[in-house]
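**Q** I'd like to ask some things about the structure below.
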Amino acid sequence: MKIKELKNSNYQNGTYSFSREGGEIIYALEEKEEVSHESQFFAFDFENLNDFAARLEIHFYKNRDEKHPKPEFSITTGILPHIATVVEIPLSYLDGQNLFGARRKGILKTVVNGTRMALSDIHYVGIYMAGCHVEPVLKIENPRFTSNKAAPESNFSYDDLIDSYGQRKDKDWPGKTYELSELAIYLNQELSLAKAYLADYEDGFYGIYEAEEAEEAKYEATGYYRLEKTIKEKDNFNDAKTEWQMITPDGHAFFGFGCDVVGPEVTGPFADEKEHEFALSNLAKVWGDKAYENWCILTKYRLIKWGINTVAAWSDLNFARQSKLPYVTIFESYPDTENKIYRDFPDVFSKDFQESALRYAKALENFKDDPYLIGYFMANEPNWAFVWGLNLGYETFTGSSNLASKVRLIDWLKGYYPTVEDLNQDFGTDFRSFEEILYTTAKLTLHEKAFDVLQKFSAILIEEFIKVPAQALKAVDSQHLNLGIRYAFISDDSLYAGAEYLDVFSINSYDNSPVKNIEKVFKATGKPVMIGEFHFGALDRGLPATGIRAVANQRARGKAIASYIDGAHETGHCVGAHYFSLYDQPYLGRFDGENYNIGLLDICNREYNEVTSIMQPIERIPEIFY
């Protein structure tokens, strides 16, 4: 391989520097060279010479010119600061069936993006350094396709990188914990404040109480959280507008400012790859056996003080229920089948899917009488939905003959086309009968019209994917709200299918403002919207990565959170937005490699006061918080 182009990057003294906007090294295969079918990896020697994690994108191109500037396939990965390693990308990812790559020592989160690509289609490979706050400098050598089964692991010890609290060793910052005695003083002072505050505190459903109606509910009280739709009539300044309002069990308006992952578990590698729980173990160094009990007291106080009125997804359910704070729950596993259509998308028209949905719905039995439960998320960010323009109809058409959904597709095609000859004309195929389609599993090249037709069946599949579990859940619990499936983003309009079976349509929206996404979803579905995740991170503390949405510093994080919540509420279509997450992630990465400064607390349970003191959207905080 040889360098074809340096885009916004320069080479000097064995290193590459990249512009703040991001830059790329593009390699071309030699003339008549082709990636061997025996190749298992694309690899290169790498050293991150920066004080922050490097975010690389490995781009695979069929062509590389003005008409084809974008790669067909992209794999994003991260590398810890000051680490020398071999970046090794399994070429098996090019089949498109994986969303997340496996972790290796020194390598952080790996995300796969693109539709399937054959090795013979690769003519150029790019190593792209994402834009950041400075001009990063990296050492990149010996890019290669290789059949070796594994590259050597990075030669360093985790113990050299983090201290006994799980904090980064080679950097100092305001608020870093150095001595156990100082941490004990801080935590005991915080606990004393919490106990004093909660001693006179009365639990409630956290509705927004206006002074003149503090004693009287404005809406009907049903004993559970519910939704109410209103139509604001047209006036001289505004068009008529549909608005949605969440109502508390006792009949007051409610907007859910939530926090995800409210629990004392912050788990990551320690002592050379042994999993370790940092946050609770740091508390136990001060409080011993009382660590969890005291954490519950302190956390309830902190959430109330911050204006957070919803214990959101992946939180400690024991804490949520005993704290008498409004909460939501999320299902960890979606109804599944042995045979898949694509990635984790199940065979939705099979009997197995229906039976799996009934088993799945039984989990609601333990929640159905709890008035503090707002509702439930059916799942989070299904992997299949990450592919832009994914055509599940095509994946079914070329899928296994064992798929019940393929049989349903053929029946649907029989209704769509009078004869198989009509189908052949649109598809560019030569089937002798509709039944012959069942045994077609090759990834056929079809006419464009065929993909348009099959995309219509995609929406039918997705509707069934939503409908079957949603109906099973309502049969178990008709009182609580179905909060949807929390798509990472809307990769195709077919994802709106099945919205009629949901009470709320949820998405995760990692943007500076959620307004555009909220309006888009509401326009498509007419449903109230809930934001399942958002966050803002910075690099001015101990962690080397900002997360998905970066700001300059901790104070800017607080401002961004307040602005985000205000923007969501003011749409009139959003009934809640949940911040991700309570704690920072571990320096060496959590289970999937994320190591972001996104917490309201650090790993030692210290509050980021610059964030929390200004993040509260004041006009949203009910009187009950004071």
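**Q** Being at pLDDT 85 or above and either touching a Cys at 6+ places or on another chain (Cβ under 8 Å) or in a loop (DSSP other than H, G, I, E, B) (or both) is the filter here, so list the residues in the range 217-240 that pass it.
**A** LYS218, TYR219, GLU220, ALA221, THR222, GLY223, TYR224, TYR225
**Q** Oh, and also: For PRO514, work out the one condition from (1) within 19 Å of the chain's Cα centre (by Cα); (2) at positive phi it doesn't fulfil.
**A** Among (1) within 19 Å of the chain's Cα centre (by Cα); (2) at positive phi, PRO514 violates only (2).
**Q** Could you list, ordered by first residue, the pairs with Cβ atoms under 6 Å in which the first is in the range 249-267 and over 14 Å from VAL575 (Cα atoms) and the second is in a strand (DSSP E or B), at least 6 apart or interchain?
**A** CYS259/TYR579; ASP260/HIS578; VAL262/VAL311; GLU265/GLU277; VAL266/TYR583; THR267/GLU275; THR267/GLU277
**Q** Among the residues of the range 464-481 satisfying the criterion of being assigned to a helix (DSSP H, G or I) and open to solvent by 60 Å² or more (accessible area, probe 1.4 Å), which is nearest to GLU500 (Cα to Cα)?
**A** GLN471
**Q** Cβ-Cβ distance below 9 Å, separation of 6 or more or different chains: which pairs start in the range 192-216 with a residue that is farther than 16 Å from LEU303 by Cα and at pLDDT 90 or above and end on one that is in a helix (DSSP H, G or I) and open to solvent by less than 70 Å² (accessible area, probe 1.4 Å)?
**A** Final answer for the pair search is none.
**Q** On to the next question. For the condition out of contact with any strand residue (DSSP E or B) (no Cβ under 6 Å at 6 or more places or on another chain) and at pLDDT 95 or above, what is the one hit in ASN63, ASN50?
**A** None of the other options fit; the residue is ASN50.
**Q** While we're on this one: Just to be sure I understand, how many residues within the range 313-354 are of a type in the set (Val, Ile, Thr), out of contact with any strand residue (DSSP E or B) (no Cβ under 7 Å at 6 or more places or on another chain) and either open to solvent by 10 Å² or more (accessible area, probe 1.4 Å) or in a helix (DSSP H, G or I) (or both)?
**A** Count: 1.
**Q** Can you tell which of LYS2, LYS32, LYS7 is touching an Asp or Glu at 6+ places or on another chain (Cβ under 6 Å) and more than 30 Å from ASP170 (Cβ to Cβ)?
**A** LYS7
**Q** Now, a different point. Quick check on the range 269-312: of everything there that is in a helix (DSSP H, G or I) and among the aromatic types (Phe, Trp, Tyr), which residue is farthest from the chain's Cα centre (by Cα)?
**A** Once the filter is applied, the top-ranked residue is TRP287.
**Q** When the residues of the range 27-45 are narrowed to those that are in contact (Cβ under 8 Å) with a residue 40 or more places away in the chain and farther than 16 Å from ASP121 by Cβ, which ends up most open to solvent (accessible area, probe 1.4 Å)?
**A** GLU38
**Q** Here's a follow-up. Only one of THR299, THR310, THR267 is touching a strand residue (DSSP E or B) at 6+ places or on another chain (Cβ under 6 Å) and open to solvent by less than 40 Å² (accessible area, probe 1.4 Å). Can you tell me which?
**A** One residue alone meets the criteria, THR310.
**Q** A follow-up question, please. Using the structure shown, decide if ASN609 is of a type outside the set (Gly, Ala, Ser) and touching a Gly at 6+ places or on another chain (Cβ under 6 Å).
**A** Taking the combined requirement at face value, the residue does not satisfy it.
**Q** Among the residues of the range 526-550, write down those that are under 17 Å from TYR564 (Cα atoms) and open to solvent by 40 Å² or more (accessible area, probe 1.4 Å).
**A** Of everything in the range 526-550, those that are under 17 Å from TYR564 (Cα atoms) and open to solvent by 40 Å² or more (accessible area, probe 1.4 Å) turn out to be ILE548, ARG549, ALA550.
**Q** To continue, here is another question. Here's a check for you: in the range 598-619, which residue that is hydrophobic (A, V, I, L, M, F, W, C) and either in contact with a strand residue (DSSP E or B) (Cβ under 8 Å, 6 or more places away or on another chain) or in a loop (DSSP other than H, G, I, E, B) (or both) is most open to solvent (accessible area, probe 1.4 Å)?
**A** If we take residues in the range 598-619 being hydrophobic (A, V, I, L, M, F, W, C) and either in contact with a strand residue (DSSP E or B) (Cβ under 8 Å, 6 or more places away or on another chain) or in a loop (DSSP other than H, G, I, E, B) (or both), then ILE614 is most open to solvent (accessible area, probe 1.4 Å).
**Q** Name the strands (runs of 3 or more DSSP E) wholly within the range 102-153 that hold at least 3 residues that are under 16 Å from MET1 (Cβ atoms) and either of a type in the set (D, E, K, R) or open to solvent by 50 Å² or more (accessible area, probe 1.4 Å) (or both)?
**A** So the answer is 137-146.
**Q** If you check ASN595 against the conditions, is it crowded, with 17+ Cβ neighbours inside 10 Å, modelled with pLDDT of 95 or more and not aromatic (Phe, Trp, Tyr)?
**A** yes
**Q** TYR93 versus (1) surrounded by fewer than 19 Cβ atoms within 10 Å (Cβ to Cβ); (2) free of Cβ contacts under 8 Å to residues at least 40 places away in the same chain: which is the lone unmet condition?
**A** With (1) surrounded by fewer than 19 Cβ atoms within 10 Å (Cβ to Cβ); (2) free of Cβ contacts under 8 Å to residues at least 40 places away in the same chain applied to TYR93, the lone miss is (1).
**Q** Sort out which residues of the range 497-525 are buried (at least 17 other Cβ atoms within 10 Å of the Cβ) and over 30 Å from ALA550 (Cβ atoms), and write them in order of number.
**A** ALA497, GLY498, ALA499, TYR501, LEU502, ASP503, THR525
**Q** Among residues belonging to the range 461-487 that are touching a helix residue (DSSP H, G or I) at 6+ places or on another chain (Cβ under 6 Å) and hydrophobic (A, V, I, L, M, F, W, C), point out the one that is farthest from ALA577 (Cα to Cα).
**A** Ranking the candidates gives LEU461 first.
**Q** With respect to ARG557, is the statement that it is crowded, with 18+ Cβ neighbours inside 10 Å and not in a helix (DSSP H, G or I) true?
**A** Answer is no for this residue.
**Q** Pull up the range 7-19, narrow it to residues that are part of a loop (DSSP other than H, G, I, E, B) and modelled with pLDDT under 95, then point me to the one that is surrounded by the fewest Cβ atoms within 10 Å (Cβ to Cβ).
**A** My answer is ASN13.
**Q** Show the residue pairs that are 6+ apart or on different chains and have beta-carbon atoms under 7 Å apart, the first residue being within the range 567-592 and closer than 30 Å to THR230 by Cα, the second being crowded, with 19+ Cβ neighbours inside 10 Å and of a type in the set (S, T, N, Q).
**A** Qualifying pairs under 7 Å: GLY576/THR310; HIS578/THR310.
The values are calculated or read from the model by the stated rules, or taken from the named source; none is laboratory data. In this text, all values refer to a predicted model and were calculated from it rather than measured experimentally. When we count neighbours, we look across all protein chains shown, and the Cβ atoms used for this are built from the backbone with ideal geometry, even at glycine. For accessibility, only protein heavy atoms count, side chains too; no ligands or nucleic acids. Shrake-Rupley method; radii C 1.70, N 1.55, O 1.52, S 1.80 Å.
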